[in-house]
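Okay, so here's the structure we're looking at.
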Amino acid sequence: MNAGAAPAAVAPVVVATGVRMGYGGVQVLNGVDFTVASGEVSCVIGPSGSGKSTFLRCLNGLEPVLGGSLRVLGEEVGHTLRDGRYHPWTPKRFAAFRRNIGMVFQRFNLFAHQSALENVACGPVHVLGTPPDRARTLAMEHLDRVGLADHAHKRPHQLSGGQQQRVAIARALAMNPALMLFDEPTSALDPELVDEVLEVMKSLAAEGMTMVVVTHEIAFAREVGDRLAFFADGVVVEEGRPRELLAAPEHERTRAFLSSVLGAQEGPFER
Amino acid sequence: MRTEPIADGSGTPVPVARTWHWGRWLAAAVALAVAGWLAYLVVVNPHLDWGKVAEYLFNERILSGVWVTIEISVLATALGLVLGVLVAVMRLAHNPVLSGLAAFYIWFFRGTPVLVQLIFWYNLAFLFPELVLKVPFTMIGLKWDTNQVMTGFTSAMLGLGLNLAAYFAETVRAGIQAVDRGQTEAAYALGMTPARRMRVIVLPQALRIIIPPTGNEFISMLKTTSLVYVVAGHDLMTNASQIYKANNRIMELLIVASVWYMVMTAVATFLQGRLERRFGSDAVRLVRGGGVAARVLPKVAA
């Protein structure tokens, strides 16, 4: 993004080098190399089981990195260097780190016992210690921003999937994150509800939010993404500018995946 | 069942015949005959003095026993609920020592009969004649005579409360585990610590599952307190048994005690119904609707 008047050498938000992760003898990530610059929208695509969601969850420490190096917002995720050793983080340290990273889940995960407004105010009140009245005002602004001010007092089960996901985005934004992670945000939605969520994400991208988006929406990646990475078998098979990568994939794996996905998809941004 | 006439082929309304439920009438007749006969046998039994039943129903010792039973039930249930939540949270902790301790507690108290525990607490003085609470290596501290502390009442409360905690911990654990894992992940992603996630997000939702069984536990507790008579806790059963040991009117006093247990259960059942109607379908009102819970549990202004 803005290659012309780039502010002098901003450190990348995410630098992954040879990241490995696995559970129960199954290797999920086999050495992922991946970089996200500040203000960039990075889209991640790939077949299910390729490790793309796992990698996203490593970025905010929801899954532990077992090998390689993963630096997010200038910190080695999960460890702090002190006296010549890397010391593992305490749960409290993890919590402090995650305050700056918003996450949006495939299944929304709105707090079921709270209204939309309470969901959005929850982080500021219980994590940042914002006074409830102030948090409520701010939450209302965030809900308004995703077009749901009228639904502030509804519970998650009274909202459609698309509305729930927009509340989830507002909830993440309420923490003023430096990085937003999206884990297949539209995969659990009915087809007619996908666009309203993508519109919110597009407006976020236009404002310069740094985003990592795991998605199956190829059209969104093409239109909004600055970078596109193709995951398979726990590694980044290929990576580049979305239009170039989608037009002329270098690897056979990528070509096979794209033809199977694009064959089934006719997105709103297709031309 | 339809009562409105049906139009036949020519359009004339024809009434609908009534269905005779032969099975119901037969069952009712048999039940009435058997129950009536049994009731008759008891009521007209020459060995049973109904005058005594009426006389003792509002006897002073019986009434004070009823009150003690309520006291023990309430206190033991309260102790069991608080301790049960604590044990459940420990059981689910990542700390293997805490989790192991909780597992041991649950195994131990579910593994020994309540009766044994009651007698154990009552006779604690055989093991420790004095209970001492003092600062190590000094003379500063407090000392009690075990037999004065471990009255029938306190040993009943401890025995029943500790025992309930073990069972209730499993109810709470089930409630906590029934809350979707995604809620925890979302809480962590917002930057909550594990403790805050438990208090703000998971427990309020687990309550929906936990609260209905608590009514059941209390009703069960009302009657389990009758075991207290082995340690002379001056509850309803103790007092009733002391009276029948003196006057040998065993059946009459058992009837008196049963009547009171049934009355208490009926009241508790009524309260349980209200509790479930209030919280069963929706735990959130607990947090929002005022009352003790609203002060104990956190809340976001709405």
Under Stokes-Einstein, with the Kirkwood radius over Cα pairs standing in for Rh, what whole-number D in µm²/s applies to region A:132-271 at 37 °C and 0.692 mPa s?
-> 199
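What percent does the relative contact order of chain B come to when contacts are Cα pairs within less than 8 Å and at least six residues apart?
Numbers: 327 pairs, mean separation 65.1, N = 302.
Normalised by residue count, the contact order of chain B is 22 percent.
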Please work out, to two decimal places, the log10 of the ratio I(q)/I(0) at q = 0.08 Å⁻¹ from a Debye calculation in which every Cα of chain A carries one identical scatterer.
-> -0.33
Where in region A:35-63 does the amide nitrogen come within less than 16 Å of the point 7 Å from the Cα of A:Arg85, taken along Cα to Cβ?
-> none
Hey, which aspartates and glutamates would be in cross-link range of A:Lys92, C-alpha to C-alpha under 17 Å, not counting anything within fewer than 8 residues on its own chain?
-> A:Glu63, A:Glu75, A:Glu76, B:Glu185
Output the direction-averaged projected area (hull surface divided by four) of the convex hull of the alpha-carbon atoms of the protein assembly as shown, in nm².
-> 46.1
Distance (nanometres) between label positions extended 7 Å along Cα→Cβ at B:Asn247 and B:Lys143 = 4.6
Across chain B, qualifying lysine pairs (alpha carbons under 29 Å, at least 8 places apart or different chains) come out at 4
Pull out the extension gain between B:Leu48 and B:Thr112, defined as 0.36 nm times the separation in residues minus the alpha carbon to alpha carbon distance; nm, one decimal.
-> 19.2 nm
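Can you compute the FRET efficiency between B:Val132 and A:Glu141 using 1/(1 + (r/R0)^6), with r the Cβ-Cβ distance and R0 = 51 Å? Round to the nearest 0.05.
Computed FRET efficiency for B:Val132 and A:Glu141 comes out at 0.25.
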What's the exposure ranking of B:Val89, A:Val10, B:Val114, A:Val214, going from fewest to most Cβ atoms within 10 Å?
-> A:Val10, B:Val114, B:Val89, A:Val214
For B:Ala93 and B:Val14, what does the FRET efficiency come to when R0 = 51 Å and r is the distance between their Cβ atoms, rounded to the nearest 0.05?
-> 0.10
Pairwise label distance in nanometres, A:Glu207 with B:Glu170, each label 7 Å out on the Cα-Cβ vector | 5.1
For n ≥ 4 DSSP H runs only, could you compute -39500 (n - 2.57) per run for chain B, divide by its residues and tell me the 222 nm figure to the nearest 500?
-> -22000 deg cm²/dmol
Average beta carbon contacts from partner chains per residue of B:198-211, 10 Å cutoff | 2
Least to most buried among B:Trp37, B:Trp121 (fewest other Cβ within 10 Å first) = B:Trp37, B:Trp121
Here P(r) for region B:48-279, Cα-Cα distances in 5 Å bins, as whole percents, is 1, 6, 11, 13, 14, 14, 12, 10, 7, 5, 3, 1, 1, 0, 0
Peptides A:49-60, B:249-260, B:134-145: what's the order by average Cβ count within 10 Å, highest mean first?
-> A:49-60, B:249-260, B:134-145
So, with points 7 Å from each Cα along the Cβ direction, the A:His157-B:Val230 label distance in nm works out to 4.4
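We did not get these values from a lab; they are worked out from the coordinates using the rules stated. Given the structure is predicted, the values throughout are model-derived calculations rather than measurements. Note that each Cβ is placed from the backbone with ideal geometry, even for glycine, and that neighbours are counted across all protein chains shown.
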